[in-house]
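The next block holds one structure in the form of structure tokens; read it before the comments.
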Amino acid sequence: MNTPETTTMDRRSFLRLSAVAGGGLVLGFYLDAVPGLGAAEMTNASASTAAAGTFAPNAFIRIAPEGAVTIFAHKPEIGQGIKTSLPTIVAEELEVDWQTVTVVTAPLDAAFGSQSAGGSNSTPSSYMNLRRAGATARAMLIEAAAQTWSVPAGECRAEKGRVLHDASKRSLAYGELVAKAATLPVPAADSVKLKDPKDFKLIGTRIGGVDNSKIVTGQPLFGLDQKIPGMLYAVYAKCPVFGGKVVKANTDRIKKLPGVRDAFVIEGKSGLMPGVAILADSTWAAFSARKQLQVTWNEGPAVNESWTAFAEQAAELGPKPGKNVLRKDGNIDAVFGSAAKVVEAQYLYPFLSHANLEPQNCTAFVQGDQVEIWAPSQNPGPGQKLVADTLGVPVANIKVHITRIGGGFGRRLMNDYMVEAAAISQKAKAPVKLTWTREDDMQHGFYRPGGFHFLKGAVDKNGALAAWKNHFVTFGTTPDKPGTGAGLGADEFPARFVENFVSETTVLTCNIPMGWWRAPGSCTIAWVMQSFLDELAHAAGVDPLAFRLTLLGEKDVAPTSDQRGPGFSAARTKGVLKLVAEKAGWGKPLPKGKGQGIAFHFSHRGYVAQVAEVTVSKDGTLKVERVVSVADVGSEIINLSGAENQVEGSIVDGLSAAWLQQLNYENGRMQQANFNDYLLLRIADAPKVECHFLKTDNPVTGLGEPALPPLAPAVCNAIFAATGKRIRELPLSKADLSWS
């Protein structure tokens, strides 16, 4: 099935088309309750849907009479491999030859349930449902064959797209069975037998990405690739100071430039920043015209903000009690007064950009109250609603095509570019393709928040952690609530593992847009917590691995108090720590200038421990030689190739951020604008990465984020082992690592 990625196909159209295309079998599996989807809508949709009105589909399967199998991938593909791994789950239980499967990106449709991709949640939220979807289809095909042969279904089995009856040596291809299978009732989900994992043929193997050939041959997949007839090319200039508004602009002059079709001011409203739109015959013409755009801005109050001023505020507030007490256990003052060793430290890190290689973009066509959008969004459902609210059109009138995404890392959970493109199209009364410049992307993001941690810890005479205090000075748009990704949980490790523990926060108010950045919160918290644990281990004269294992103790801990996910497991943490130490040869003698560092973190349901090996020359030149990673993400790895890709990518991404990246915030604006002053790790500096997976009897989880947080502390702890210098400020390129 060669359906192009940009084909418009809503759920009803898909079912109708499938029904007339030669009697193929279409299975819509309604596995999760969806409010507002009634029984009549479900039962009328197809003769092969699940029981009336109770469930909404997680995946669609189409099997054509000639035997072609199409599986819809319902989650956005950001490079995390989900377009390959989720259909693999269906194909495994369906029992088909993967080479015969065509994977098609699903359009945005409530029938598929949640279609967001973030928080490493795509796999855990879909795994069992997709297994049931494939197994249900297999069971119906087996039943169809059994009825055809007048034999018990229990005597039949499925293999590589065929149903076999071994006793009579008969077999039928799935395509030969679809007409009959389509007339059968869908069995109850809990009655369908799933495969024993030991019989998996696809899950756990290496499977290449379904789009690989299209990517390397430059076929249109991404948001930037979209083209529709009559399309104009747009650029949108916003105030360089966050929250600023347009006073006036030389739009009359811009309209006269070569290739320019129009230029106008958009006042802005909730969800839509004000700015100046330029429409042209090409992206180049639009970008060129923008260079001659002159705008007078009302820069607003943010113009008085700067990182330097915030750092000064934090330095003053840090030694004082925090405004908000997250947790208070035991009597830390008494312990600090009698401890064998007390260590105090300040850790700080800057704001960061997502730095997607594909800048933000969107294609939109608004015709009255009908809207069609092609968007590289991680979160297309909320984007659809944002456009509806901003333009004043019904959500049902907005059709969203989900394109492949050239990097997300959380940035594309925000949909500002979607509403900008739609607003420009509405005013222009024409289809519009909006493309941000790299400078737009860097200076108008939703940033990973910076932060300041003021820590104090104590170890007892036995070398064990006795007390821990942290005052976290962070950022928010109001003084009472940290911004997105700027919070700290009351249960964050080592909370609950230290009898005397205090965690406090103070929020500095700012106008900086903040958002989810790969492994939100954890991407910075792990560096602080695991680095300070290392400091305390060295202060106690205890091996850092042994110090952590002693702290973790012998028992698991109850679920986290916020109940948003599974509780932290000390046993699983110790499992990855012990295995990574074994694989890395932890504790081996190393010459001066070489060091190993260890760290672990639990985030997004995954447990990851890493050991970094570094070399630091006498003049301070750093080389990260090797990173060994062990991840426990449950009982199965869906696609081993994709899993390794995610771990390796996380390590490179985490090293790039920790080593090189920072945004300087002055006068209400970000100073960095492109990759010449916001650096990415180069190939020559990438370490050798060794990936290991520890399978445990736990639910399958995702891998897009858990392997990033331990990287920075593992490297910084290794630098300390090599040089005796402790990194307490990121990026670590600011540190003088030279030694004598």
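A few points about this structure:
- Selection of region 703-714 for residues being touching a strand residue (DSSP E or B) at 6+ places or on another chain (Cβ under 7 Å) and farther than 14 Å from GLU535 by Cα yields LEU703, GLU705, PRO706, ALA707, PRO709, PRO710, LEU711.
- Taking (1) open to solvent by less than 10 Å² (accessible area, probe 1.4 Å); (2) out of contact with any Gly (no Cβ under 8 Å at 6 or more places or on another chain); (3) within 20 Å of HIS604 (Cβ to Cβ) in turn, ALA117 satisfies each apart from (2).
- Region 344-373: number of residues that are open to solvent by 20 Å² or more (accessible area, probe 1.4 Å) and assigned to a strand (DSSP E or B): 7
- Residue ranges of strands (runs of 3 or more DSSP E) in region 90-198 with at least 2 members within 27 Å of GLY208 (Cβ to Cβ): 101-105, 156-159
- Some residue of region 413-422 being under 21 Å from the mean Cα position of the chain (by Cα), hydroxyl-bearing (Ser, Thr, Tyr) and either closer than 30 Å to LYS323 by Cβ or open to solvent by less than 10 Å² (accessible area, probe 1.4 Å) (or both): yes
Table: residues versus (1) open to solvent by less than 10 Å² (accessible area, probe 1.4 Å); (2) among the β-branched types (Val, Ile, Thr); (3) free of Cβ contacts under 8 Å to residues at least 24 places away in the same chain; (4) in contact with a helix residue (DSSP H, G or I) (Cβ under 6 Å, 6 or more places away or on another chain).
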| position | (1), (2), (3), (4) |
| --- | --- |
| VAL432 | yes, yes, no, yes |
| ASP440 | yes, no, no, no |
| THR484 | no, yes, no, no |
| ALA495 | yes, no, no, no |
| ILE512 | yes, yes, no, no |
| ARG518 | no, no, no, no |
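- Pair list, Cβ < 7 Å and 6+ apart or interchain, from region 144-166 residues that are in contact (Cβ under 8 Å) with a residue 40 or more places away in the chain to residues that are open to solvent by 40 Å² or more (accessible area, probe 1.4 Å): ALA144/LYS180; LYS160/ASP97; GLY161/ASP97; GLY161/THR100
- Hey, VAL627 of a type in the set (Val, Ile, Thr), in contact (Cβ under 8 Å) with a residue 40 or more places away in the chain and not in a loop (DSSP other than H, G, I, E, B) or not: yes
- When the residues of region 699-740 are filtered to those that are of a type in the set (Val, Ile, Thr) and part of a helix (DSSP H, G or I), the one that is nearest to ALA643 (Cα to Cα) is VAL715.
- When LYS725, LYS734, LYS695 are checked against the criterion of being under 16 Å from VAL630 (Cα atoms) and open to solvent by 50 Å² or more (accessible area, probe 1.4 Å), LYS695 stands alone in meeting it.
- Identity of the residue in region 274-313, in a helix (DSSP H, G or I) and among the β-branched types (Val, Ile, Thr), that ends up surrounded by the fewest Cβ atoms within 10 Å (Cβ to Cβ): THR308
- Verdict on LYS427 being open to solvent by 10 Å² or more (accessible area, probe 1.4 Å) and closer than 18 Å to THR390 by Cα: yes
- Residues of region 199-227 that are closer than 30 Å to ALA277 by Cα, in contact with a Lys or Arg (Cβ under 8 Å, 6 or more places away or on another chain) and part of a loop (DSSP other than H, G, I, E, B): PRO220, LEU221, GLN226, LYS227.
- Filter result for SER635 (more than 26 Å from SER85 (Cα to Cα), in contact (Cβ under 8 Å) with a residue 12 or more places away in the chain and surrounded by fewer than 18 Cβ atoms within 10 Å (Cβ to Cβ)): no
- Taking the listed residues VAL246, VAL235, the one that is surrounded by 12 or more Cβ atoms within 10 Å (Cβ to Cβ), aliphatic (A, V, I, L, M) and farther than 28 Å from VAL400 by Cα is VAL246, with no other qualifying.
- Flag if VAL325 is part of a strand (DSSP E or B) and over 27 Å from VAL507 (Cβ atoms): no
- All positions within region 401-425 that are assigned to a helix (DSSP H, G or I) and of a type in the set (Gly, Ala, Ser): ALA421, ALA422, ALA423, SER425
- Selection of first residues in region 211-234 that are free of Cβ contacts under 8 Å to residues at least 24 places away in the same chain and of second residues that are open to solvent by less than 60 Å² (accessible area, probe 1.4 Å) and not in a helix (DSSP H, G or I), restricted to Cβ pairs under 7 Å at least 6 apart or on distinct chains, gives the following pairs, ordered by first then second residue: LYS214/LEU221; ILE215/LEU221.
- Number of the exception - LYS180 against (1) open to solvent by less than 40 Å² (accessible area, probe 1.4 Å); (2) closer than 28 Å to GLN99 by Cβ: (1)
- Contact map, region 710-735: first residue over 21 Å from ARG448 (Cα atoms), second residue at pLDDT below 95 and surrounded by fewer than 18 Cβ atoms within 10 Å (Cβ to Cβ), Cβ cut-off under 7 Å, separation 6 or more or different chains; pairs are THR723/TRP739.
- Residues satisfying the stated conditions in region 641-683, i.e. open to solvent by 50 Å² or more (accessible area, probe 1.4 Å), touching a residue at least 40 places away in the same chain (Cβ under 8 Å) and either out of contact with any helix residue (DSSP H, G or I) (no Cβ under 9 Å at 6 or more places or on another chain) or in a helix (DSSP H, G or I) (or both): ASN645, GLU648
- GLN596 vs. criteria at pLDDT 95 or above, in a strand (DSSP E or B) and either open to solvent by less than 10 Å² (accessible area, probe 1.4 Å) or farther than 24 Å from ALA546 by Cα (or both): no
- Any hit, region 556-563, residues being modelled with pLDDT of 95 or more and in contact with an Asp or Glu (Cβ under 9 Å, 6 or more places away or on another chain): no
- Pairs, first modelled with pLDDT of 95 or more in region 307-323, second of a type in the set (Asp, Glu), C-beta under 7 Å, six or more apart: TRP307/GLU666; PRO321/GLU504; GLY322/GLU504
- CYS156 fulfils the conditions (1) more than 16 Å from GLU92 (Cα to Cα); (2) open to solvent by 30 Å² or more (accessible area, probe 1.4 Å); (3) modelled with pLDDT of 95 or more except for a single criterion, (2).
- Taking (1) part of a helix (DSSP H, G or I); (2) within 20 Å of GLN426 (Cβ to Cβ) in turn, ASP262 satisfies each apart from (1).
- The set of residues in region 379-410 being hydroxyl-bearing (Ser, Thr, Tyr) and under 18 Å from GLY118 (Cα atoms) consists of THR403 alone.
The values are calculated or read from the model by the stated rules, or taken from the named source; none is laboratory data. Since the model is a prediction, treat every value here as computed from it, not as a measurement. No Cβ is skipped: glycine too gets one built from the backbone with ideal geometry, and neighbour counts run over all protein chains shown. To get the accessible areas, we keep the full protein, side chains included, count just its heavy atoms, and leave off ligands, DNA and RNA. Shrake-Rupley method; radii C 1.70, N 1.55, O 1.52, S 1.80 Å.
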